[in-house]
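Before any comments, here is the structure.
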Amino acid sequence: MSKPLLVLGNKRYSSWSLRGYLALKFAGLDFEQTVIPLFQEDTHARMKALGPNAPARVPMLIQGDHVVWDTTSLMEFAAENSKLGDLWPTDMFERAHARSICAEMHSGFVALREHIPMNLSRKDPYEDQPEDVRTDIDRILEVWTDCRKKYKESGPYLFGKLSMADAAFAPVVARFKSRSIPVDDISKAYMESIWALPAFAEWREDASNEKWIIDQ
Ligand SMILES: N[C@@H](CCC(=O)N[C@@H](CS)C(=O)NCC(=O)O)C(=O)O
């Protein structure tokens, strides 16, 4: 069978694409990749043209006539097919905890997304902190420190061992680092562990070589 194709948005900006990419990398799956630049006149048409059921959103994974889309299902697909062991905690309640924080990430943090979008080229501190953004930041730090305190014995990631929850929160690490968001020591150490992941470093390298700059 040929390798699946992972369709991504610009690596500098597309936080959902980063999650999908890390999910496949964490699972040790082999794939080809292509980037469809966002915010272009033909962006949606190019996405829709990729196959039956192709959504006008990235990431999506295409294998023959099959399309897997929306990051949550991509993460589940990667975890089910992982060549590198379990990517959800094996304990039922820890697994539910991991899925809960991924679901919270997927459906929430609207103010953070709007005010501090991922932009891997930015290096300026975020000065303005409206209350809804502060609330989102505080909640994320609470999620991280709670996980790290509970699961620190088994490793440096949210659930000790690397899991899909780390893929879900990696773009937040990028946002906090690029905009110098003040964080507690536990969160800082967690952020450094994620930043140092080889797959994330590769992604940043690719992002820095992209030619597309989006002003907004
Ligand atoms: N719920 C989707 C969200 C995907 C999404 O919004 N992706 C953005 C890029 S980060 C996109 O495709 N935008 C295309 C557009 O709006 O034109 C997921 O989890 O994958």
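Descriptive notes on the structure:
- For the stretch 92-198: span of alpha carbons on each principal axis (Å, largest first): 39, 27, 22
- When the convex hull of its Cα atoms is projected in every direction, mean area for the stretch 35-128 (nm²): 9.0
- Lysine-lysine proximity count for the chain, Cα under 19 Å, sequence distance 8 or more or distinct chains: 20
- Within the stretch 137-216, trypsin sites (Lys or Arg not before Pro) in DSSP loop having at most 11 other beta-carbon neighbours inside 10 Å: Lys211
- Relative frequency of Cα-Cα separations exceeding 31 Å in the chain, percent: 17
- Here the sum of -39500 (n - 2.57) over DSSP H runs of 4 or more residues, divided by the residues of the chain, equals -15500 deg cm²/dmol at 222 nm, to the nearest 500.
- Taking amide H positions as modeled 1.01 Å from N, with prolines and chain starts lacking one, the residues under 5 Å from Leu38 and 5 or more places away or on another chain are Asn10.
- The stretch 82-141 - convex hull of alpha carbons, volume per residue in Å³: 124
- Added length on full extension, which subtracts the Cα-Cα distance from 0.36 nm per residue, Phe93 to Arg113: 4.4 nm
- Phi-based couplings in Hz for the stretch 62-78 (Karplus 6.51, -1.76, 1.60; Gly and Pro marked x): 10, 9, x, 8, 9, 10, 10, 9, 6, 4, 4, 6, 5, 5, 5, 4, 5
- Net charge, Glu142 excluded, C-beta distance under 12 Å - Lys, Arg +1, Asp, Glu -1: -2
- Between Ser73 and Asp124, the modelled labels are 4.0 nm apart [label points 7 Å from Cα along Cα→Cβ].
No lab work stands behind these numbers, since they all come straight from the coordinates. The structure presented is a predicted model; accordingly, all values stated were derived computationally and were not measured. When we count neighbours, we look across all protein chains shown, and the Cβ atoms used for this are built from the backbone with ideal geometry, even at glycine.
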